[in-house]
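Taking it in order: structure first as structure tokens, then the write-up.
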Ligand code: NAP
């Protein structure tokens, strides 16, 4: 599509997108747009670029002070991506692929943020966003077929489309432990980490939470703190990351082969280059299995997950792999009591997000690092001085919260999204998140989600999903413009059918057998259940493409009302 197409045409109208419209009696100045984009992470940034290139009038909002999404906020020590950097990056711009050079196999947060800044500057995207601004409400105006969007800075905008690129992990969750507000030491939240350096030298530090975030923090802070107390409720399985610098020869090869590599990623279940196997666990001998697991442990990264095809469907096979990792904990951790406490039990390996570490288990061999097993000795309260467990008080200079997120749905439920007939997303998701293709909800016309909670969101490469979703939305908008259509939304039947498929597929995986943010178990009173599409990214793409090809099957459109001459 030619840039400028949309605003040339719409500029003929008095309330053309981009124009500031004065209204009587109400808000003095309303900005009229084609699209409001919420969030400046991977999805939002690409959306701004894509829609701008289509000639759409856009306005982005971002609560953070700059681009980067989770990588803007999560500046905690040790923050690092657990997918290969070359995979965890945009594919839409061959120029960016060639101009940007990753330094490590798994990039650390400062490099990821530098990447975001590079992309935003290179494509001049910052001008489309207003930072330090939260959208407080988005309300569908049925009569005029547009969204009215308000922000916490008092702006009021009108837009034909809303794109919620709010991400699956953007609403951090404090633990519901009494006394948190009484604590007089320094309280640090992983997901809202200060911008200035924090020194732990000689300090008594506590960490609550041992998911991916807590594990990364513990292995870094353990190197610096005077004493480190790790308050562990459920232990996670973690495997060696085996991070390494990327050599220039390898990078040159990658840069030559980006298009083919991206195609492989797009055609895979995980949206990435991770090897996957078709081999069933019990199809090889015990000795061969052991060797394959040893090799995967040695190779590092998420290699182990790709060693056998049935690890997420065969409970017995899964338990063998879990036991293999437990045996590795015994090999590393010298104190047998600590080793035992670090061993995850009672849920399948990989049913929680698998963690990657560089020295997590080794950290517990340091004399300054203490594991507090909260199953044996639960936290009673936070005091002025530290954390009181049943067995006594641990005094702390600093307390770090790595207690996770209100995942998948939290961001969209954090503000008022009101669709047709005053129905809110809160109403729509009362029994759990539901949508069609993870992209749109019945009763919320022209409102799109990227990496939505009923797509493959947390289970595949978020960059590939973001690009896919934005491209699909761009296609929808182009189609609607060509056909003179005013609104699009899924039919209730299509949404039900999609959710039935999501549910059926979820019953085949062991992902439902752990209490995680995937299933909403970490947030009090949240509807429980796996609402993610577990069929793999490649299948998700196929199903979306088939719906589009089949004349936007499952979607209902309304035509634009014709202007009547008076
Ligand atoms: P998480 O996996 O949900 O872990 C939260 C931790 O806090 C759990 O250990 C949980 O224990 C604990 N916790 C929560 N409330 C508690 C309480 N009241 N008392 C004691 N412990 C409590 O959250 P996360 O570690 O932030 O990770 C979330 C997701 O972010 C990951 O799954 C991953 O997808 C992503 N992530 C990725 C990377 C990476 O790319 N390397 C890094 C960090 C995060 P229970 O399990 O017992 O509730």
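Here the simple spin-label model places points 7 Å from the Cα toward Cβ, and for residue 141 and residue 260 these points are separated by 5.3 nm.
The modelled label-to-label distance for the pair residue 385/residue 287, using points 7 Å beyond Cα in the direction of Cβ, is 6.0 nm. The slack in the chain from residue 508 to residue 201, taken as 0.36 nm per residue of separation less the alpha-carbon distance, amounts to 105.7 nm.
In a fully extended conformation the segment linking residue 267 and residue 244 would gain 5.6 nm over its present Cα-Cα distance, using 0.36 nm per residue. Helix 109-122 and the long axis of the chain differ in direction by around 20°, with both axes built from C-alpha atoms.
Remark: the residue 524-residue 491 segment gains 8.8 nm on full extension, using 0.36 nm per residue and subtracting the alpha carbon distance. Using the Cβ-Cβ distance between residue 101 and residue 134 with R0 = 35 Å, the FRET efficiency computed as 1/(1 + (r/R0)^6) comes to roughly 0.50.
Report note on the peptides 105-115, 310-320: ranked by the mean count of other C-beta atoms within 10 Å, highest first, their order is 105-115, 310-320.
Dividing the summed -39500 (n - 2.57) terms of all DSSP H runs of n ≥ 4 by the residue count of the chain sets its mean residue ellipticity at 222 nm at -9500 deg cm²/dmol.
Give me the angle, in degrees from 0 to 90, between the Cα long axis of helix 286-299 and the longest principal axis of the Cα atoms of the chain, rounded to the nearest 10. Roughly 70 degrees, rounded to the nearest 10.
Label zone (residue 557, point 7 Å along Cα-to-C-beta; backbone nitrogen cut-off 17 Å) within region 474-516: 474-491.
When you count the other C-beta atoms within 10 angstrom of each residue and take the mean per peptide, 36-48, 170-182, 60-72 line up highest first as 36-48, 60-72, 170-182.
Against the chain, whose longest principal axis comes from its Cα atoms, helix 492-506 is set at around 10 degrees. Centre-to-centre separation between the Cα atoms of region 448-492 and those of region 240-275: 26 Å. Entry note, the chain: relative contact order of 18 percent, from Cα contacts under 8 Å with a spacing of 6+ residues. Per-residue packing, averaged as other Cβ atoms within 10 Å, sorts the ranges 530-543, 480-493 into the order 530-543, 480-493, beginning with the highest.
Where a number appears in this text, it was derived from the coordinates with a stated rule and is not lab data. Computed from a prediction, not measured in an experiment: that's the story for all the values here. Glycine also receives a Cβ, built like all others from the backbone with ideal geometry; neighbour counts cover every protein chain displayed.
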